[in-house]
Amino acid sequence: MDRREFLKISGMSFGAGALISFAPAIAAGSPAARVRNWFRRQNGEEPAPFTFAQLSDAHVGFAGPPNPTGTKALERAIDVINGLNPQPELILFTGDLTHESETPGEHAKRMKLFQSITSRLRAKKIMRVPGEHDAALDGGVLYRQFFGETHYSFDHRGVHFIALDNVSHGKPMVGAEQVAWLQRDVARFPHTAPIIVFTHRPLFDLRPDWEWFTRDGSEVLNVLAPYENVTILYGHIHRHDVHQSEHMTHYASRSLIFAFPDPATTADKKPLAFDKENPFNNLGIQIVADKGAVRVDDVELTLREFSGTNGVQQIAKPGIII
Amino acid sequence: MKRLMLIFSIFVVAAVMVAQESQPRIIAISAKRFEFTPNEITLERGERVTLRVKAEDRDHGFFQKELGLDLDLSPERVAEVTITPQASGRFVAICDNFCGSGHGNMKMVINVE
């Protein structure tokens, strides 16, 4: 397998947006066997196909004109995910689970409400990172009480997942201690290991004057640079975005509360107005790969087909109630 | 002797004038949740300016990448930075230290003409 073919496969496998199939194309067929063998030789472990979902920026507790429906988009996304067959094995939340409150006890109530709503997910492996609205005012103290550590890593079916916290310092940064931890964490893996990083803010300078950046994001990317198969999932910007830095691909998920505009079209960062006729427009999950049905040769066409879509309504298979 | 004194005086006066000309203009800015005051300033391209920023209520940040502004603000002290903007344009400085629900709107426009 040459490098071009590898990149093509990994680009398709991770997909964009929220329901992500890992390596569906390696499930069967001759090219699939080559990919499986190649991973086994390089990594000592053969990744198995599976799907997972990314959800982001639910802002439980937020109330305001950009979205008067509160938690409805989050609840709806959970209904959609619960209706999928097969079920995603993992759910990743990329921050801003809740909206902060300085009223005593109120932020804790919002975290409990988030737990209560998401407990309805049929998938039980739920991993999270905080957003600044969860953890920046108190350095993540309350968040840790509810959800545990703000950065950590784990392995799932041959893929190494890394949760990074770039919010709890108050400023948009990861911090030297966490960068050193990341270096130690990835050191044991071969450079071919599939790695998925999930975090809240973009790790590159997407739009610093909108606070769409991480001050020391380049240090994180430098640590990851030797690794050939890195995908970075993030939230914060409340819109879908795909960015390539070297061989790493960064995908931003949509929000579950309100959308921000394309920064190329406006100087001011203001939420898009609520559309009561189409309340979930630009919100929620976006399915980009269909249960492993895409073939290797169809990868680029498939990505084009699913890019720039308007939500799950346009691409969901018949029979999914949304 | 008189001639030497005259030359010395001319040097002193010239030095004072040069020093006065090179003194940057000082602009005082206050920061509090969720605004900077003033919230818009205009600078001349090539002008040396000192921005002297004071947080009134809690810690904030003052960040603008293209102009090289990056201050940690605290109510305990005044922070300052001197810049000489070389490119004209409209630049938005932000608070980059999360300070509450209106944090995302805490910004200041710096016009360079």
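Data table
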read-out: Test for residue A:201: is it within 12 Å of chain B (Cβ to nearest Cβ), charged (D, E, K, R) and surrounded by 20 or more Cβ atoms within 10 Å (Cβ to Cβ); value: yes
read-out: Filter result for the condition that a residue is under 20 Å from residue A:126 (Cα atoms) and at pLDDT 70 or above, over A:15, A:70, A:83, A:61; value: A:83
read-out: Any hit, the range A:145-155, residues being out of contact with any Leu (no Cβ under 7 Å at 6 or more places or on another chain), farther than 27 Å from residue A:106 by Cβ and either of a type in the set (Lys, Arg) or surrounded by 21 or more Cβ atoms within 10 Å (Cβ to Cβ) (or both); value: no
read-out: Tally of residues being within 14 Å of another protein chain (Cβ to nearest Cβ) and among the acidic types (Asp, Glu) across the range A:204-245; value: 4
read-out: Answer from A:52, A:22 - the residue that is in contact with a helix residue (DSSP H, G or I) (Cβ under 6 Å, 6 or more places away or on another chain), of a type in the set (Phe, Trp, Tyr) and at pLDDT below 90; value: A:22
read-out: In the range A:99-144, the residues that are surrounded by fewer than 16 Cβ atoms within 10 Å (Cβ to Cβ), assigned to a helix (DSSP H, G or I) and among the polar types (S, T, N, Q); value: A:115, A:116
read-out: Residues of the range B:69-90 that turn out to be over 27 Å from residue A:96 (Cβ atoms) and either in contact with a helix residue (DSSP H, G or I) (Cβ under 8 Å, 6 or more places away or on another chain) or within 12 Å of another protein chain (Cβ to nearest Cβ) (or both), as a count; value: 2
read-out: Whichever residue in the range B:48-68 is among the β-branched types (Val, Ile, Thr) and crowded, with 18+ Cβ neighbours inside 10 Å and, among such residues, is farthest from the other protein chains (Cβ to nearest Cβ); value: B:49
read-out: Flag if residue A:187 is in contact with a helix residue (DSSP H, G or I) (Cβ under 6 Å, 6 or more places away or on another chain) and more than 15 Å from residue A:95 (Cβ to Cβ); value: no
read-out: Complete set of residues in the range A:212-233 that are touching a strand residue (DSSP E or B) at 6+ places or on another chain (Cβ under 7 Å) and part of a helix (DSSP H, G or I); value: A:221, A:224
read-out: Candidate set from the range A:56-84 (those that are of a type in the set (A, V, I, L, M) and touching a Gly at 6+ places or on another chain (Cβ under 9 Å)); member that is surrounded by the fewest Cβ atoms within 10 Å (Cβ to Cβ); value: A:63
read-out: Qualifying residue in the range A:210-217 (condition: of a type in the set (Lys, Arg) and in contact (Cβ under 8 Å) with a residue 12 or more places away in the chain); value: yes
read-out: Output for the range A:45-74, where each listed residue is under 15 Å from residue A:117 (Cβ atoms) and either in contact with an Asp or Glu (Cβ under 6 Å, 6 or more places away or on another chain) or outside any strand (DSSP E or B) (or both); value: A:56, A:57, A:58, A:59, A:61, A:62, A:69, A:70, A:71, A:72, A:73, A:74
read-out: Checklist (1) surrounded by fewer than 22 Cβ atoms within 10 Å (Cβ to Cβ); (2) on the phi > 0 side of the Ramachandran plot; (3) in contact with a Pro (Cβ under 9 Å, 6 or more places away or on another chain) applied to residue A:236, failing item; value: (1)
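The values are calculated or read from the model by the stated rules, or taken from the named source; none is laboratory data. This is a predicted model, so every value here is computed, not measured. Methodologically, a virtual Cβ is constructed for each residue, glycine included, from the backbone with ideal geometry; neighbour enumeration extends over all protein chains shown.
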